[in-house]
Every structure is written in structure tokens, then in C-alpha cells.
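Reading through the C-alpha cells given below for one structure.
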């Protein structure tokens, strides 16, 4: 069953793990994002999208990097998109992907264990 | 089949997603850590452990926070431990948990999208 998660803004979620327990309602959203990244291929796709020099990358440049079929890559990209980690738009034949940088920054902050001064 | 992942140090893994694609060998390790956090209960457990005032917390203080059985909580804690996110030791009747802060810092850094100056 496909589902579209409610994506929380960096301001909304969450305090770093090191400072407070994650509330149950926020935990579902954050865990869903981590779950989406919990696959090696999806993590590599996300890193290729996030590090793309132009700030976005064509699916036609993602697929050849893996020994996987186009539909399999498309499925992984859909999971990343539904978790709010990437955004996409179609231009002509191809779909282009860019990272949701505020979402990644919020997730990075959740894991930040640097003591606050 | 239980498995113990090789836990990479912060120095070893990885460059931030925003600067380079994650290599395939590192992707498996990092994805396993995110997968372990990809469950709301495990994320809440991890946050309770990481934010524990004494730097560690007794399993006897974790279990009552959830409407779950002890064995279920123990299973989730085992997943976190096998992913290298927490460490534990038994003292007398109870097991005590503390966060692997260098591992969390490394994962936070992977998701860091702050432009380098």
C-alpha cells in the first residue's frame, strides 16, 4: 500500500537524540526516513543525488551506475521520494532528482551528539 | 541468522552525502545502521539511551516506557547493538546501555549538507 508520509520541517522535528527522547509521533516520521535510507542501493542513490554537481541529476545518469533494472531503480527512488528525502520532476522523457536538503539537515541534527556549549 | 556488523570508525566512513557518492562497501555498513534506526520503537530506545543523564541507562528503566513485552524490547536493543549504535554490559540482574557516540557522530556527518567553507 503506497503511502505519503507527512514530512516535518527541520524546525518541527526533532531535538538531537543526545538531548531528549524522541516523542512517539515524531519517531514514526524520523524512523521512516531512516528506514528509507536503510538499504545500500537507496543510500548510494541518495548520495549520488545529493552530491550531484548541478544540484540535480537525471534518472538516466543514475540507472547505469547499478546492475539493476530500471523498474527496480525507479522503485528505490519512489521510496526515497515518499520518505521526503528527494524531490523530482519530469522534463520530457526523463525524471530529474534533487535532494531535500532541509530534510537531510534535520536528520543530521537528530544524530548530532556534539555537546552544546 | 544473527550477524555482527563490522562497525566502521568515524574516520573510516564516510564523506558527507553532499560531497561524494557513498562507495558500495561503505554503503552496506551505513545502510545497516540507518535500517536499525528505521523503526519508531528502536529510535525512541536509542534516544532514551543517548539522552540518559548518567550516560547510561538500565534496561529496567527502558521497558516500562513502552507497551511492549520485555523480550520484544530486548530484541530491539539487540538490533541496535548489532548495528553498533549502542553498547551494553550486564551488572548483576540488569543490563545497562550506553550510546556509541562516535558511531552516531559519523552517521550525523554522513547526512551533513552544510556547505563547507
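Read-outs throughout are calculated quantities, based only on the coordinates presented, and are distinct from any laboratory measurement. Owing to the predicted nature of the structure, the values given are computational and were not obtained by experimental measurement. Cβ placement follows ideal geometry from the backbone for every residue including glycine, while neighbour counts extend to all protein chains displayed.
Of the residues making up segment B:67-78, those that are touching a helix residue (DSSP H, G or I) at 6+ places or on another chain (Cβ under 6 Å) and under 11 Å from residue B:45 (Cα atoms) are B:73, B:76. Scanning segment B:16-65 for residues that are in a loop (DSSP other than H, G, I, E, B), within 9 Å of chain A (Cβ to nearest Cβ), surrounded by fewer than 16 Cβ atoms within 10 Å (Cβ to Cβ) and without any contact (Cβ under 8 Å) to a residue 24 or more places away in the chain gives B:20, B:23. Considering the conditions (1) in a helix (DSSP H, G or I); (2) free of Cβ contacts under 8 Å to residues at least 24 places away in the same chain, residue A:90 is excluded by exactly one of them, (1).
Residue by residue through segment A:75-90, note down the ones that are more than 11 Å from the chain's Cα centre (by Cα) and either surrounded by 15 or more Cβ atoms within 10 Å (Cβ to Cβ) or within 14 Å of chain B (Cβ to nearest Cβ) (or both). Spell out the reasoning first.
At the first step, the residues of segment A:75-90 found to be more than 11 Å from the chain's Cα centre (by Cα) are A:75, A:88-90.
Result: A:88, single match.
Filtered by the rule that a residue be in contact with a strand residue (DSSP E or B) (Cβ under 7 Å, 6 or more places away or on another chain) and over 18 Å from residue B:102 (Cβ atoms), segment B:22-61 gives B:48, B:57, B:58, B:59, B:60.
Which of the residues spanning segment B:102-117 are in contact with a helix residue (DSSP H, G or I) (Cβ under 8 Å, 6 or more places away or on another chain) and either in a loop (DSSP other than H, G, I, E, B) or surrounded by fewer than 20 Cβ atoms within 10 Å (Cβ to Cβ) (or both)? Let's see the steps before the verdict.
Taking segment B:102-117 as the starting set, the residues that turn out to be in contact with a helix residue (DSSP H, G or I) (Cβ under 8 Å, 6 or more places away or on another chain) are B:103-104, B:107-114.
Within segment B:102-117, B:109, B:111, B:112, B:113, B:114 meet the criteria.
Please go through segment B:66-85 and give me each residue that is assigned to a loop (DSSP other than H, G, I, E, B), more than 15 Å from residue A:21 (Cα to Cα) and touching a residue at least 12 places away in the same chain (Cβ under 8 Å), ordered by number. It would help to see each step written out before you state the result.
Here is the first cut: in segment B:66-85, the ones assigned to a loop (DSSP other than H, G, I, E, B) are B:66-69, B:83-85.
If we keep only those that are more than 15 Å from residue A:21 (Cα to Cα) as well, we get B:67-69, B:83-85.
Hits for segment B:66-85 are B:68, B:83, B:84, B:85.
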